[in-house]
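Every read-out reported here was derived from the displayed coordinates using simple, explicitly stated rules and does not represent laboratory data. Quick caveat, the model's predicted, so the values are computed rather than measured. Every residue, glycine among them, receives a Cβ derived from its backbone with ideal geometry; neighbour counts consider all protein chains shown.
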Amino acid sequence: MRVAFLASEAGPYAKTGGLADVAGSLPKHLAKAGAEVKVFMPLYREVRSKGLPLLRASADLSFDWHDGPAVFSVWEEPTAKATVYFIEKNDYFERDGLYGPPSGDFPDNGERFAFFSRAVLESLRVLDFSPDVLHLHDWQTALVPAYLKFVYAEDPFFRKAKTLFTIHNLAYQGLFDREILGRIGLPPRLFHPEALEFYGRVSFLKAGLLYASALSTVSPKYSREIQTPEFGCGLDGLLRMRSGVLTGILNGADYAAWNPAGDAALARTYSAEDLDGKAACKSALLSAFGLPPLPRDLPVFGLVSRLAQQKGLDILLEAAGGLFGLGLRLVLLGQGEAGIEDGLKAAAARYPSFFGLRIAFDDGLARRIFAGSDMVLIPSRYEPCGLTQMYALKYGAVPVVRATGGLDDTIQEYDPKTGAGNGLKFAEAEPSAMIKSVRRAIALYSRKTDWMTLVRNGMACDFSWDKPAAEYLALYRALA
């Protein structure tokens, strides 16, 4: 099985969110299962800054672009477990930031990622790698099926290639003005509602939904949710139409990278068999955020999140008074929308002894939050999958989550009568529902036998990539 794996980011090379975790981990497990996988991503400035031993695989390739021949090169990372190639075009990718500065997106993102998609197709031919399946991720690579249909339809090199388009978050659609079609080499006639037009703009994501051989999402429940008006972002009708080729496969966690027993970022390592180190991690976390020590019967809650409306941070802000009235401590790490950042800063100023805030992207601190927290709070309005709860479980931090998408698929409500379950859930995206669930969690925390059962249940959960990799391989084989 020959798989070309296209993503706009992949760990450890360049990361803004969970897509990079998936694109950095899944190919390795596919390769371990026997697939021949080649990963493609842009050669960003962030990648160059890591000083990797890159080798030039091919130089001065070109294809026709809107302002003449587009010239680019391909670099290879020779030490990767699954071969990784980087598309080099400095005027598109040699910039600070993957998608834009802190203030917003780059205005030419449509051209940048359309170019990336075309360049990968051209690279495959030069590298003589004829894929059985091109596995595409989110709007940045969603034009590939359109290019195969409207530009490469007569090219024998791609005649047998199938496409799988994975939706990591339907809300991010890649919307651009209609004139972009001519600039990126697609027929202007595609600007109509039955093709790529979406409420007066061109939707890159819609190209993947329409033209890919098959579709997948990153959890089973999210695959069902996006076929409803509530979660479908205006595309639920199209998704229902294609429901026969839509599959939900739960993301995995890379336990080689996320494991408290060997995590060098922690104040002290620990395991499910020996949890003593978690207390030291908790003390270090409170100190790092300048929060006073806690009474023994009160927990620390952690929250690591992109600061976006999707993540339910407005629910958290509305509930702040009620939450901190319970005496708990909350530490939060993230960056994102300016309005949410401002609201969180105001809350941190109002509750300085209870709420520690860090506006940043910091992988090491995220690990220390999982290790030092008794619980993690995830109040998302919707969540396609979520990796935070998986990492938290492995680090012995009990998730308290809204029951949506992948959160609902991965978290089972704890039952004190049976001792089964790995967290707590609330159904309504409302402050009162969240506070009620937090109260339940605090009550469990005070009952040490129940609490240790709950913690160890979570640490025993196995969300490794082996099972989803096998499911993806089965899907590839069904397509090929």
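So here's what we get for this one:
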item	result
Alpha carbon centroid spacing (whole Å) that separates the stretch 349-366 from the stretch 288-304	11 Å
Built amide H within the under 5 Å cut-off of Phe63, gap 5+	Ala70
Cα Rg over Rh - the stretch 276-460, Kirkwood	0.92
Which listed pairs, of Lys15/Lys206; Lys436/Lys467; Lys282/Lys436, have C-alpha distances above 29 Å, in listed order	Lys436/Lys467
Simple Cβ-charge dipole of the stretch 199-319, Lys/Arg +1 and Asp/Glu -1, about Cα centre, in debye nearest 20	480 debye
Relative contact order of the chain, defined on C-alpha pairs under 8 angstrom at six or more residues apart (%)	13 percent
Positive-end residue of Thr228, Ala114, Ala171, charge dipole of the stretch 109-249 with Cβ unit charges	Thr228
The chain: angle of helix 313-324 to the longest principal axis, Cα-based, in degrees nearest 10	10 degrees
Helix axis angle, 431-445 relative to the chain longest principal axis, alpha carbon, degrees	60 degrees
Alpha carbon centroid spacing (whole Å) that separates the stretch 1-41 from the stretch 49-82	17 Å
Net charge contributed by nearby residues that have their C-beta within less than 15 Å of Glu154 (K/R +1, D/E -1)	+3
Length-normalised contact order of the stretch 276-460 in % [C-alpha pairs under 8 Å, at least 6 apart]	22 percent
Volume per residue that the Cα convex hull of the stretch 224-301 spans, once the total is divided by residue count, Å³	194 Å³
DSSP bridge pairs, the chain: antiparallel proportion in percent, nearest 5	30 percent
Taking only Cα atoms of the chain, radius of gyration then Dmax in Å	22.9, 71
Virtual spin-label span in nm between Leu238 and Glu194, 7 Å along Cα→Cβ	1.5 nm
Summed residue charge, Cβ within 13 Å of Tyr270's Cβ, Lys/Arg positive, Asp/Glu negative	+3
Calculated FRET efficiency for the pair Ala256/Arg477, C-beta based, R₀ 22 Å, to 0.05	0.25
Cα centroid separation, the stretch 148-165 to the stretch 210-236 (Å)	24 Å
Fraction of antiparallel bridges per DSSP, the stretch 276-460 only, in percent to nearest 5	5 percent
Positive-end residue of Ala469, Leu326, Pro156, charge dipole of the chain with Cβ unit charges	Leu326
Distant-in-sequence amide H partners of Lys89 (H built 1.01 Å from N, under 5 Å)	Leu43
Listed pairs Lys89/Lys162; Lys81/Lys149; Lys32/Lys394 exceeding 25 Å between Cα atoms	Lys89/Lys162; Lys81/Lys149
Distance (nanometres) between label positions extended 7 Å along Cα→Cβ at Ala427 and Lys467	2.5 nm
Per-residue HN-Hα couplings for the stretch 406-418 [Karplus 6.51, -1.76, 1.60; θ = phi - 60°; Hz; x = Gly/Pro]	x, 4, 6, 5, 9, 10, 10, 4, 5, 10, x, 5, 9
Aspartates and glutamates with Cα under 12 Å of Lys221, excluding same-chain neighbours fewer than 8 positions away	Glu383, Asp408, Asp409
Bins of 5 Å from zero: percent of alpha-carbon pairs in the stretch 1-46	6, 24, 31, 21, 12, 5, 1
Nearest-20 debye value, the stretch 276-460 charge dipole, Cβ charges on Lys, Arg, Asp, Glu	560 debye
Difference of contour (0.36 nm per residue) and Cα-Cα distance, Leu317 to His66	85.7 nm
Net dipole in debye of the chain [+1 Lys, Arg Cβ; -1 Asp, Glu Cβ; about Cα centre; nearest 20]	980 debye
Angle in degrees between helix 363-372 and the longest Cα principal axis of the chain, rounded to the nearest 10	30 degrees
Residue list for the stretch 421-447, given a label point 7 angstrom along the Cα-to-Cβ vector of Ala279 and an amide N cut-off under 17 Å	446-447
Options Gly356, Ala338, Leu275, ranked by Cα towards positive dipole end of the stretch 271-366, top entry (Cβ charges)	Gly356
The chain - mean residue ellipticity at 222 nm from DSSP helices (-39,500 (n - 2.57) per run, n ≥ 4, rounded to 500)	-10500 deg cm²/dmol
